[in-house]
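Structure record follows, encoded as structure tokens.
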Amino acid sequence: MALVTTTEMFRKAYEEGYAIGAFNVNNMEIVQGIVEAANELKSPVILQVSAGARKYANHTYLTKLVEAAIAESDIPIALHLDHGDSFELCKDCIDGGFTSVMIDGSKYGFEENIELTKKVVEYAHAHGVVVEAELGKLAGIEDDVNVSDADAQFTNPNEVEEFVTRTGVDSLAIAIGTSHGAYKFKPGQKPQLRFDILDEVARRLPGFPIVLHGASSVSQEYVKIIQENGGNLADAIGIPEDMLRQAAKSAVCKINIDSDLRLAMTAGIRKVLFEKPEAFDPREYLKVGRANVKDVVAHKIKTVLGSEGKAL
Ligand code: G3H
Ligand code: 13P
Ligand code: ZN
């Protein structure tokens, strides 16, 4: 099926109370694992590329992998820039075949965030591309964004209408207690999300798609495999899946998952290499990593996102 924007995906997801999974891609095995699962379950999917992924794998290689995924599958796929930090990066991706970009101006003040987002929206819309922006700050670490717990900030619902109206943005990422990476809560801390903020945002923006970043659940099964095979991820804790399911039923139309794929792939590779020190054919361990990615994505589609069969 063709490469699409997220407009129709989000409209349907909002109306029917489910969310689309946005999975980060960095190499062929990850693309294949995600798309095989989504295709078998007839789920729409968003493949997202960060600035770090572009640096690692190269824009052309990644877009060609996505082209191959489209040719080999029968589902709607959107290609999205994750955490674009400048107009130039967004423009590069718009010119280079992406159907959706995120401009992450969350590190700036309200007015500066609006100004930057508006500039990206104008260019993107003129080229048939949709835009996600962010209000509020998530804690956690990505390649180009590093926000400490102390600097993290919940989204202020009083600001969302003005932000969306003045920028013309198509979807909005909000901060309600999720965070990037594998360490989302301290040991002993009760995982909590601010559903009151989400509800208030949804009330003020009826029908408008909301995005949740930092939504990995950090499967303790994979953490255990990594621990047992020479790794160290002690105290890695994610967002409970029932909370994400609740969010998916609400105005949240896009749920971002990267760390869970990293854990799945690493657990698979570590296990093969630890159990079989003589292995040196990359296919031998990468295929196990890829199968784990596929399992995780299938699990998310069925039990967290609720998007199974929605590509039909
Ligand atoms: O939210 C960020 C994603 O997990 C991408 O991470 O910048 O290390 O590619 P990255
Ligand atoms: P996780 O680190 O929780 O997977 O979040 C990924 C993300 O938000 C990508 O933008
Ligand atoms: Zn993110």
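The values are calculated or read from the model by the stated rules, or taken from the named source; none is laboratory data. These numbers come from a predicted model, not from an experiment. When we count neighbours, we look across all protein chains shown, and the Cβ atoms used for this are built from the backbone with ideal geometry, even at glycine. Keep in mind that these areas ignore ligands, DNA and RNA; they rest on the heavy atoms of the full protein, side chains included. Shrake-Rupley method; radii C 1.70, N 1.55, O 1.52, S 1.80 Å.
Just for the stretch 237-261: of the residues that are free of Cβ contacts under 8 Å to residues at least 60 places away in the same chain and either assigned to a helix (DSSP H, G or I) or within 14 Å of ligand 1 (Cβ to nearest atom) (or both), which one is surrounded by the most Cβ atoms within 10 Å (Cβ to Cβ)? Ranking the candidates gives 238 first.
Looking only at residues of the stretch 12-48 that are open to solvent by 10 Å² or more (accessible area, probe 1.4 Å), more than 13 Å from the chain's Cα centre (by Cα) and without any contact (Cβ under 8 Å) to a residue 40 or more places away in the chain, we find that the one that is farthest from ligand 1 (Cβ to nearest atom) is 15. Scanning the stretch 28-44 finds no residues that are within 19 Å of residue 121 (Cβ to Cβ), among the hydrophobic types (A, V, I, L, M, F, W, C) and at pLDDT 95 or above.
Condition check for residue 72 on (1) out of contact with any strand residue (DSSP E or B) (no Cβ under 7 Å at 6 or more places or on another chain); (2) within 19 Å of residue 122 (Cα to Cα): one failure, at (2). Contact map, the stretch 172-183: first residue open to solvent by less than 10 Å² (accessible area, probe 1.4 Å), second residue more than 15 Å from ligand 1 (Cβ to nearest atom) and among the basic types (Lys, Arg), Cβ cut-off under 8 Å, separation 6 or more or different chains; pairs are 176/194. Considered as a group, the residues in the stretch 154-169 that are assigned to a loop (DSSP other than H, G, I, E, B) and open to solvent by less than 50 Å² (accessible area, probe 1.4 Å) include one that is nearest to residue 133 (Cα to Cα), and that residue is 169.
Residue 95 meets the conditions (1) in contact with a Leu (Cβ under 9 Å, 6 or more places away or on another chain); (2) closer than 20 Å to residue 133 by Cα; (3) surrounded by fewer than 19 Cβ atoms within 10 Å (Cβ to Cβ) in every case but one. The failed one is (1).
The set of residues in the stretch 249-276 being within 25 Å of residue 230 (Cα to Cα), of a type in the set (S, T, N, Q) and away from ligand 3 (no atom under 16 Å from the Cβ) consists of 266 alone.
Table: residues versus (1) of a type in the set (Ser, Thr, Tyr); (2) within 16 Å of ligand 2 (Cβ to nearest atom); (3) on the phi > 0 side of the Ramachandran plot.
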{"residue": "78", "(1), (2), (3)": "no, yes, no"}
{"residue": "85", "(1), (2), (3)": "no, yes, no"}
{"residue": "88", "(1), (2), (3)": "no, no, no"}
{"residue": "114", "(1), (2), (3)": "no, no, no"}
{"residue": "117", "(1), (2), (3)": "yes, no, no"}
{"residue": "120", "(1), (2), (3)": "no, no, no"}
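When residue 203 is tested against (1) part of a helix (DSSP H, G or I); (2) over 28 Å from residue 7 (Cβ atoms), just one condition goes unmet, and that condition is (2).
Of the residues examined, residue 88 is not one that is over 24 Å from residue 121 (Cα atoms) and either modelled with pLDDT under 95 or among the charged types (D, E, K, R) (or both).
Checked against the criterion of being surrounded by fewer than 24 Cβ atoms within 10 Å (Cβ to Cβ), under 29 Å from residue 199 (Cα atoms) and touching a helix residue (DSSP H, G or I) at 6+ places or on another chain (Cβ under 8 Å), the stretch 276-290 contains not a single residue that satisfies it.
In summary, residue 51 fulfils each of the numbered conditions (1) touching a residue at least 40 places away in the same chain (Cβ under 8 Å); (2) more than 21 Å from residue 172 (Cα to Cα); (3) open to solvent by 10 Å² or more (accessible area, probe 1.4 Å) with the single exception of condition (2). Restricting the first member to the stretch 104-123 and to residues that are outside any helix (DSSP H, G or I), and the second to residues that are crowded, with 21+ Cβ neighbours inside 10 Å and modelled with pLDDT under 95, the beta-carbon pairs closer than 9 Å and six or more apart or on different chains are 106/138. Checking the stated criteria, residue 9 turns out not to satisfy the condition of being in contact (Cβ under 8 Å) with a residue 24 or more places away in the chain and open to solvent by 60 Å² or more (accessible area, probe 1.4 Å).
The lone criterion from (1) in contact with a helix residue (DSSP H, G or I) (Cβ under 9 Å, 6 or more places away or on another chain); (2) at pLDDT below 95 left unmet by residue 260 is number (2). For the stretch 184-221, filtering for residues that are open to solvent by 30 Å² or more (accessible area, probe 1.4 Å) and closer than 18 Å to residue 21 by Cβ leaves 1.
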